[in-house]
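Notes to accompany the following structure.
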Amino acid sequence: ELAAYKSKKFKSPVVAVTGSAGKTIVKEWMADILGLAIPVIRSPKSYNSQIGVPLSVWKLDEKFRMGIFEAGISMPGEMEKLQKIINPDIGVITNIGDAHSENFTDNEAKAREKLKLFENTSLIIYCSDQELIHKLLKKDRKFSSKELIDWSFSNKEAAICVRKSILDGNRTRIELTFKGITTDFIIPFADRASVENAITAASACLALNTDPEIIRKGLSSLVSVAMRMEMKTGINNCLLIEDYYNSDPGSLGMAIEFLKVQNSRKTTLILSDFVQSGRNQKEMYGEVASGIRKAGID
């Protein structure tokens, strides 16, 4: 109640970020880019829970011109509470996957729950290649009447059309066409998860009328977020990639893809159990085994 009271008094725009994966990274990268132009307050670390969100919102102060907060849920009924606390003007959703699925009947039920965060927003930014999110936003009158800005690699009707090309093992060029203007940016990552998260952050910044030069400067200096694809030098010329913030088959697929990009090295995968997936164990681990086999992990 205290945090909700504080957010209602805040006069500047508030952005809420949700999704199955990438919430923290998109929030951090958006804040890094927008922070080059205006004072921004963000959720610390991954403070996106029923306790973390009010602690984050409590930091709101009129010296900031924008608040960016992430919201995560693990069961039905939680998002309504987070919506009242954050009371966002702008919504960003990254994707819907298998993370935190044990308390939901299926991904559609989980997606519907997450979208409750955006009931009072005026603008929603999302990727229309995520077909489930696209369908739910377009079919529900309370969302379809809002300003929807989607980005896509394949949908020519998207508000932001994206083309990408890998420059080398660690950099990607992306071209974003928005309102008839094409702007190119360089991202210091080549793995799919990081590229998609960077495109989401850049698309949100474009939707908020940020100067493309500021976006370009911000994107070029992005850094990895702790516990997500962190690269460290190990003994005997080993490269250690740590990805242990959240474990689900979707995150594993992206981590394996990232591992494969590291050319001409013998690859070793150290894997923990998947918890909170809500899926049939035999089926899920069969999918995991198949993915590891196809990737050719040594």
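The values are calculated or read from the model by the stated rules, or taken from the named source; none is laboratory data. None of these values were measured; they are calculated from a predicted model. For neighbour counting, all protein chains shown are included, and Cβ atoms are generated from backbone atoms with ideal geometry for every residue, glycine included. Side chains are part of the model used for accessible areas, which takes the heavy atoms of the whole protein and leaves out ligands, DNA and RNA. Shrake-Rupley method; radii C 1.70, N 1.55, O 1.52, S 1.80 Å.
A Cβ-based charge dipole, computed about the Cα centre of the chain with Lys and Arg at +1 and Asp and Glu at -1, lands at about 500 debye.
Of the GluC sites (Glu not before Pro) found in segment 121-184, those that fall in a DSSP loop while having at most 11 other beta-carbon atoms within 10 Å are Glu157.
Helix 281-295 and the longest principal axis of the Cα set of the chain meet at an angle near 70°. Among Gly72, Asn107, Asn95, whose Cα sits farthest toward the positive end of the charge dipole of segment 1-112 (+1 at Cβ of Lys/Arg, -1 at Cβ of Asp/Glu, about the Cα centre)? Sorting the options by dipole projection puts first Gly72. On the chain, 51 percent of the accessible area sits on carbon and sulfur atoms, based on a 1.4 Å probe. Under the rule a/c < 1.5 gives rounded, and otherwise a/b versus b/c splits prolate from oblate, where does segment 110-180 land using the Cα gyration tensor? Here segment 110-180 falls in the prolate category. What you get for segment 84-145, charging only the Cβ of Lys and Arg (+1) and of Asp and Glu (-1), is a dipole of about 320 debye around the Cα centre.
Computed on segment 59-193, with alpha-carbon pairs under 8 angstrom and 6+ residues apart, the relative contact order is 15 percent. Of the residues Leu117, Leu271, Leu176, the one that moves most in a GNM of the chain with alpha-carbon contacts below 10 Å is Leu271. Ranking Val261, Ser56, Ser290 by how far each Cα lies toward the positive end of the dipole of the chain (charges on Cβ) leaves Ser56 at the top.
Calculated accessible area for the chain comes out at 50 Å² per residue, all protein chains present (probe 1.4 Å; ligands, DNA, RNA ignored). Mean separation of Cα pairs under 8 Å and 6 or more residues apart, divided by the residue count, gives the chain a relative contact order of 16 percent. Between 0 and 90 degrees, the angle of helix 249-261 with respect to the longest Cα principal axis of the chain falls at about 60 degrees. Assuming charge only on the beta carbon of Lys and Arg (+1) and of Asp and Glu (-1), the dipole of segment 145-195 about its Cα centre is about 40 debye to the nearest 20. What trypsin sites (Lys or Arg not before Pro) in segment 140-239 are in a loop by DSSP, with at most 13 other Cβ atoms within 10 Å of the Cβ? Qualifying residues, ordered by number: Lys156, Lys179.
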